[in-house]
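Reviewing the structure listed below.
Nothing in this text is a laboratory measurement; each read-out follows from the coordinates by a stated rule. These figures come from a predicted structure and were not determined experimentally. No Cβ is skipped: glycine too gets one built from the backbone with ideal geometry, and neighbour counts run over all protein chains shown.
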Amino acid sequence: MRIAIPRETHPGENRVPITPEVAKKLVRMGADLVIEAGMGTGSGYTDSEYSDAGATISSDRKELFSSADLLLRLRKPELDEITLMKRGAIHISYLDPFNEHGLVKAFKEAGVTSISMEMIPRTTRSQKMDALSSQANLAGYQMVIEAAMALPRIFPMMMTPAGTLKPANVFVIGAGVAGLQAIATAKRLGARVTAFDTRPVVAEQVTSLGAKFLEIDLGETGETAGGYARELTPEQVEIQRQAQKDVIAKSDVVITTAQVFGRKPPVLVTKDMIEGMAPGSVIVDMAAETGGNVEGSVPNETVEWSGVTIIGKGNLAGEVAVDASQMYSANLFNLVEDNWSEEKKLFVVDFDDDILPGCIITHGGEITNDTIKNIVE
Ligand code: NAD
């Protein structure tokens, strides 16, 4: 089976889908591995490292797409790249299928099996393939680093002959994978951390990291069978906003990571709350690219409101591209290995598997994922 890895072309993307170490493993499994020339450059890997791993290096991008049986990449493809692919070929990457309806239709029409890395179920067995988690973990760390760089104060308490510096107050909204890592990182740097999440089960995880959990009575919240937060009603969002107001006013740093799977993220920090913060304070809005948790945040930009710095940088995991590539590459490998037939030396699309069907979007000229089908068709 020919496995092809194209170069990522998105501006500023330094993560790569496959490291040389994983390339070696794929070749050892019996794959005919083809890498586009320069594919590893963003994370510092050379073509010769991939050829030493047993891969063929190709400079013909079109041929790479048209000859692939299985195409592995990080970001979603361009529409014209899908039409280059063979019917029956498999494409695995992030796809953003809730929003990319044109892409889903193009995969369906091309008869390509598309597998979305966002749709890997959050189960114990699939953890090793879970790219949302591996990248969110790094983003959580990086958000705190970005905030610390922008804050004109230090995070830890310092008692010196020249006086005592108080620890910075950090408030984290949303304590999923990214939020918990942000809490842990801010604690390691010596900050005093408070956090809130609508899923009550998270409170214990927050306190076990040494942070304080802000109690807000929102009534019924809970989580879906998949472990995701349920969307709040507008009334609940308003209660949350009011209850957070004081904490936000006293915070030097606010980090927002609140997401509701498949929906627009809620706006939880409004301009009047920002105006209550001390000048020089910093907000990092991890949801800026998908709509924003913070009023006035701008995707991929740093803006100022009322003396408060608001960071809307997307692709935070991409700021630590070497580690992000290593983890994403391992996620991809684990997915391939889990579905690989040793005997036939190919990736088997098995609809009886307990993980794969949930993340297949299209197969055999149909949209096989019911949730996406209902949205797209
Ligand atoms: P996510 O990115 O979908 O959302 C981030 C966080 O925002 C979540 O914790 C969510 O509860 C929270 N949130 C939503 N609305 C909010 C609001 N109004 N205010 C404050 N917080 C709000 O979450 P995620 O990090 O992808 O994790 C989703 C779920 O999957 C969690 O339950 C997590 O524990 C679980 N998970 C399970 C596994 C596994 O078992 N393999 C792996 C990773 C994650």
- Item | Computed lengthening from Thr160 to Thr270, 0.36 nm per intervening residue step minus Cα-Cα distance | 35.9 nm
- By the mean-Cβ-within-10 Å protection proxy, highest first, 345-352, 289-296 rank as 289-296, 345-352
- What percentages, rounded to whole numbers, describe P(r) for the chain computed over all alpha carbon pairs with 20 Å bin width beginning at zero? 28, 52, 20, 1
- Query: Roughly what percent of Cα-Cα pairs across the stretch 222-377 reach past 21 Å?
  - Reply: 62 percent
- Message: Test of understanding: ordering Leu72, Leu132 by Cβ neighbours within 10 Å, fewest first, what list do you get?
- Response: Leu132, Leu72
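Is it possible to state the helix-based mean residue ellipticity at 222 nm for the chain, with each DSSP H run of 4+ residues giving -39500 (n - 2.57), the sum divided by total residues, to the nearest 500 deg cm²/dmol? What is it? Spell out each step's value before the answer.
Details: 13 runs with 127 residues, N = 377.
After summing the helix terms and dividing by the residues of the chain, the value is -10000 deg cm²/dmol.
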- Message: Show me the three semi-axes of the equivalent ellipsoid for the stretch 136-319, from the C-alpha gyration tensor (sqrt of 5 times each eigenvalue), largest first, rounded to whole Å.
- Response: 24, 18, 16
- Task: Please report Val282, Val202 as a ranked list, fewest other C-beta atoms within 10 angstrom at the top and most at the bottom.
- Result: Val202, Val282
- Quick one: of Lys166/Lys212; Lys25/Lys128; Lys105/Lys313, which pairs are farther than 22 Å apart, Cα to Cα? Lys105/Lys313
- Note on the structure: Of all DSSP beta bridges with both partners in the chain, the antiparallel percent, nearest 5, is 30 percent
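Compute the length gained on full extension between Lys245 and Ala278: take 0.36 nm times their separation in residues and subtract their Cα-Cα distance, giving the result in nm to one decimal.
Details: separation 33, 0.36 × 33 = 11.88 nm, distance 1.31 nm.
My answer for the length gained is 10.6 nm.
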- So, in nm, how far is label Asp352 from label Glu78 when the simple model puts each one 7 Å beyond its Cα toward the Cβ? 4.2 nm
- Send over the Kirkwood Rh of the stretch 1-134, from the inverse of the averaged 1/r over different Cα pairs, rounded to one decimal Å. 15.3 Å
- Could you put Met85, Met143, Met159, Met273 in order, starting from the residue whose Cβ has the fewest other Cβ atoms within 10 Å? Met159, Met273, Met85, Met143
- At a Förster distance of 25 Å, what's the computed FRET efficiency of Lys105 paired with Asp370, Cβ-Cβ distance as r, to 0.05? 0.95
